[in-house]
Amino acid sequence: MAKLSPDEAKITDWLAAQKEAMLALLREVVNIDSGSYDKAGVDAVGKRFIRFFQENGLVTTTEAHETFGEAIHIRLDDKPSNEKPIVLMGHRDTVFPKGEAQRRAFRIDNGRAYGPGVSDMKSGLVMNAFVLAAFKRFGGAPAPLAGLITSDEEIASPSSRPIIERVGRQARCVLNSEPGRPSGNIVTGRKGGVFSAFEIFGKAAHSGGNFEKGISAIAELAHKVVALHALTDLEQGITVNVGLVKGGQSVNTTAPHADGQIDLRYVRPAQRAAALAAVQAIIDTATVPGTTARFEIKGEFLPVTGSPAADALFETYQAAAADAGLKVAGEFSGGCADSGFTAAVGCPTLCGLGPVGANAHTAEEFLAVETMVPRAQAMALAILRMPPAA
């Protein structure tokens, strides 16, 4: 690590001494199931973080939701301020079903930590928590510090999006601690994504005795899948994938119903409307006479796009990371995240600042344990080195 000022060294030395405490907290929260639809589990993880913040003298407030886990806001103190805060953000839900934490409990093997959500993104939340605790203990931030822990990112944040956008409008910048890339880089750009569903309605008939009276929804679905996939334009960064299909009544019945789910990804905000219009046109156009269809957007993420303010924020982080012993570049990701919502409201946003991990959403997901402390130190130094608000 480069030579630091005394104030910087206080925080980075303290964070270095917290490695085992970080791993202990990470073990606890990984071993609690928190699939996006498991409100009780998501809130249990939230309560564990709230207890950590209270033990370290920070202030928390929550926003409840009937269906999904509550949103948790964290501040260093109760002092009022007119300054825009620096916000450390992350989500605590995972993609895994109930019981996964018992089947695959947290473990460390050969420098890697394993368990559901260990990288995406409970380690990032632990890192954020300790960085906030460090600034509570030592001070030194050039603006108020705040945290936001959300509950439903893995399903496109149906309850959290309005909260995230509100926080983004009020923030000086957002540091989102999704997992660092396997390369060690952070994320400076992301695709947007629209997740949608379509249904096709046909007419049932006995496929042996009355074949000519049937109208096959499955046949129409097949035509639509081919047409939808043909919308993919890799050069423009647009991809369309029908990832789930089902339909039919029985093998000897012309299918009266079929449905599918579509994942649309794009790079630039201006691409969204045209791509969605092309999808809608395919859904509305019947190739098999007599079929009808309907289309519904189920959820979406917005892209993370660059701006001069975001570029300046990255330069500050990159230099801070170098002094923490890390070589970091900005990287584009085809994956989506809540960072798109804050970037879209004009808030300078960096993503992928969490500890380095890989294989998210699989049983092979892992965290590189030795990156926990340096990534926390890099974030802390970046915060300390942000210029005072104008």
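Every read-out reported here was derived from the displayed coordinates using simple, explicitly stated rules and does not represent laboratory data. All figures in this text were calculated on a predicted structure; none of them were measured in a lab. Backbone-built Cβ (ideal geometry, glycine too); neighbour counts: all protein chains shown.
Two numbers describe the Cα atoms of the chain: Rg and Dmax, which are 23.4, 86 Å. Placing unit charges on each Cβ (+1 for Lys and Arg, -1 for Asp and Glu) gives the stretch 89-170 a dipole about its Cα centre, and among ILE163, VAL95, ASN128 the Cα reaching farthest toward its positive end belongs to ASN128.
Output needed for the stretch 104-173: three equivalent-ellipsoid semi-axes, defined as square roots of 5 times the C-alpha gyration tensor eigenvalues, in descending order, whole Å. Don't skip to the answer; put the middle values down first.
On the way: eigenvalues 138, 88, 10 Å².
Semi-axes (√(5λ), whole Å): 26, 21, 7.
Amide H contacts of THR94 (H built 1.01 Å from N, in plane; Pro and chain starts excluded): SER34, GLY35, SER36 sit under 5 Å, all sequence-distant by 5 or more or on other chains. Charging the Cβ of each Asp and Glu at -1 and of each Lys and Arg at +1, and nothing else, the dipole of the chain about its Cα centre rounds to 340 debye. Site pair ASP7 and LYS203 shows an inter-label distance of 7.8 nm when each label is modelled 7 Å from Cα along Cα→Cβ. Given +1 at the Cβ of Lys and Arg, -1 at the Cβ of Asp and Glu and no other charges, the dipole of the stretch 192-301 around its Cα centre is 100 debye to the nearest 20.
Kirkwood radius, the stretch 192-301, all distinct C-alpha pairs, inverse of mean reciprocal distance: 14.4 Å.
Going by average Cβ neighbours within 10 Å, how do the peptides 88-94, 263-269 rank, with the highest at the top?
On the way: 88-94: 28.9, 263-269: 18.7.
Top of the packing list down: 88-94, 263-269.
Comparing PRO142, PRO289, PRO158 in a Gaussian network model of the chain, where Cα atoms under 10 Å apart are tied by springs, the biggest mean-square fluctuation is seen for PRO289. Label reach from VAL251 (point 7 Å along Cα→C-beta): in the stretch 190-213, amide nitrogens under 19 Å belong to 205-211. Binning all Cα-Cα separations of the stretch 282-365 at 5 Å, short to long from zero, yields these whole-percent fractions: 3, 11, 16, 16, 14, 12, 8, 7, 6, 4, 3, 2, 1, 0. Each Lys and Arg Cβ is given +1 and each Asp and Glu Cβ -1; about its Cα centre, the stretch 1-56 then shows a dipole of about 20 debye.
The average projected area of the stretch 246-334, computed from the convex hull of its Cα atoms over all directions, is 9.7 nm². With 5 Å bins beginning at zero, the pair-distance distribution over Cα atoms of the stretch 177-224 amounts to 5, 14, 14, 11, 8, 6, 5, 8, 8, 6, 7, 6, 1 %.
Note on the chain: dipole from Cβ charges, positive end direction compared against ALA71, LEU231, GLY325; the farthest Cα belongs to GLY325.
What FRET efficiency, computed as 1/(1 + (r/R0)^6) with R0 = 51 Å and r the Cβ-Cβ distance, is obtained for THR292 and ALA105, rounded to the nearest 0.05? Efficiency at R0 = 51 Å is approximately 0.55. Helix 6-16 and the longest principal axis of the Cα set of the chain meet at an angle near 50°. Positive end of the dipole of the stretch 192-301 (Cβ unit charges, origin at the Cα centre): among ALA222, ALA274, ALA293, the Cα lying farthest that way belongs to ALA293.
At 0.36 nm per residue, and after removing the present C-alpha to C-alpha distance, how many nm does the segment from THR61 to ARG268 gain when stretched out fully?
Working: separation 207, 0.36 × 207 = 74.52 nm, distance 3.50 nm.
Gain on extension, THR61 to ARG268, equals 71.0 nm.
Take ALA363, project a point 7 Å from its Cα along the Cβ direction, then tell me which residues of the stretch 89-117 have their backbone nitrogen under 20 Å from it. Hits in the stretch 89-117 for ALA363 at 20 Å: 94-110, 112-117.
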